[in-house]
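S.K.: Dropping the structure in here first, questions after.
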């Protein structure tokens, strides 16, 4: 498999975590969003929206949208399964995933922020205010929703952590004050001690400037 990824994309970050957790062999093809490689005709043949990530299945098609990619990987035989078998727990996990994937990340991603400062002419400070407001709105709900200590739902690693860790990473990058969110920060710190999460970190990707300098 080939994962077309940008090191700081939270959507690509999610998929990298899942691939690592399941031990699925893959290579990563960097797509530089800052130089607009994702908008090239060549890349749009693979991903019509011009977004990352996309996953080229060995000998098969290309899947895009991180949720669809993760669903595909969950349907494969590779372990562990990241969706609880208990229906109640599965619903709780999906709730957390949707708060992040539907209500936080889409309105705070790079193309939205560039539209705010470019087309609408907002200042960098106004952009940061926008970002921090919507992240806090989502995190306020997440802090009340998680029920576990080390993980979001009970004692099992699930898709909830796969989505939560990249979102918190980005929030810290945009200087969101996390003081009000001790529960999700505890989960974030615990997951970042796990090898699969460490390997997926943006700084450790081949297209990260810090990795290249190191």
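Bear in mind these aren't lab numbers, they're just calculated from the coordinates by the rules spelled out. Note that the structure is predicted; figures quoted are calculated from it, not measured. Counting neighbours? That spans all protein chains shown, and the Cβs are built from the backbone with ideal geometry, glycine included.
S.K.: Share of Cα-Cα pairs in the stretch 2-80 beyond 23 Å, in percent?
M.R.: Above the 23 Å cut-off, the stretch 2-80 has 14 percent of its Cα pairs.
S.K.: Using Cα-Cα distances under 8 Å and only pairs 6 or more residues apart, what relative contact order does the stretch 87-197 have, in percent?
M.R.: Once divided by the residue count of the stretch 87-197, the mean separation gives 30 percent.
S.K.: Fully extended, how many nm does the chain gain between residue 203 and residue 25 (0.36 nm per residue separation, minus their Cα-Cα distance)?
M.R.: 62.0 nm
S.K.: Hey, another quick one. What translational diffusion coefficient, in µm²/s and rounded to a whole number, does the Stokes-Einstein relation yield for the stretch 103-162 at 25 °C and a viscosity of 0.890 mPa s, taking the hydrodynamic radius as the Kirkwood radius over Cα pairs?
M.R.: It diffuses with D of about 186 µm²/s by this estimate.
S.K.: Shape call for the stretch 87-197 from the C-alpha gyration tensor, a ≥ b ≥ c root eigenvalues: rounded (a/c under 1.5), prolate (a/b greater than b/c) or oblate?
M.R.: prolate
S.K.: Would you mind calculating the gained length between residue 44 and residue 174 on full extension (0.36 nm times residue separation, minus the Cα-Cα distance), in nm to one decimal?
M.R.: In short, 43.9 nm is gained.
S.K.: Figure the gain on full extension for residue 124 and residue 145 (residue separation times 0.36 nm, minus the Cα-Cα span) and round it to one decimal in nm.
M.R.: 4.4 nm
S.K.: Now for a separate question. What is the distance in Å between the Cα centroid of the stretch 94-121 and that of the stretch 64-84?
M.R.: 23 Å
S.K.: Follow-up. Work out the FRET efficiency for residue 155 and residue 78 from their Cβ-Cβ distance, taking R0 = 22 Å, and round it to the nearest 0.05.
M.R.: With a Förster radius of 22 Å, E is 0.55.
S.K.: Moving on to the next point. Return the Rg/Rh value of the chain, two decimal places, where both radii are evaluated on C-alpha atoms and Rh is the Kirkwood radius.
M.R.: That ratio is 0.95, to two decimals.
S.K.: Another question about this same structure. Give the shape of the stretch 160-214 as rounded, prolate or oblate, defined through the alpha-carbon gyration tensor: a ≥ b ≥ c are the square roots of its eigenvalues, a/c under 1.5 means rounded, and otherwise the shape is prolate if a/b is larger than b/c and oblate if not.
M.R.: Oblate shape, in that a/c is at least 1.5 and b/c is the bigger or equal ratio.
S.K.: Next question, about the same structure. If you wrap a convex hull around the alpha carbons of the stretch 64-124, what volume per residue comes out, as a whole number of Å³?
M.R.: 101 Å³
S.K.: Let me ask something else about it. Which peptide among 8-15, 99-106, 125-132 comes first, and what is the full order, when sorted by highest mean count of other Cβ atoms within 10 Å?
M.R.: 8-15, 99-106, 125-132
S.K.: Only Cα pairs under 8 Å and at least 6 apart count here; give the relative contact order of the chain as a rounded whole percent.
M.R.: That works out to 24 percent.
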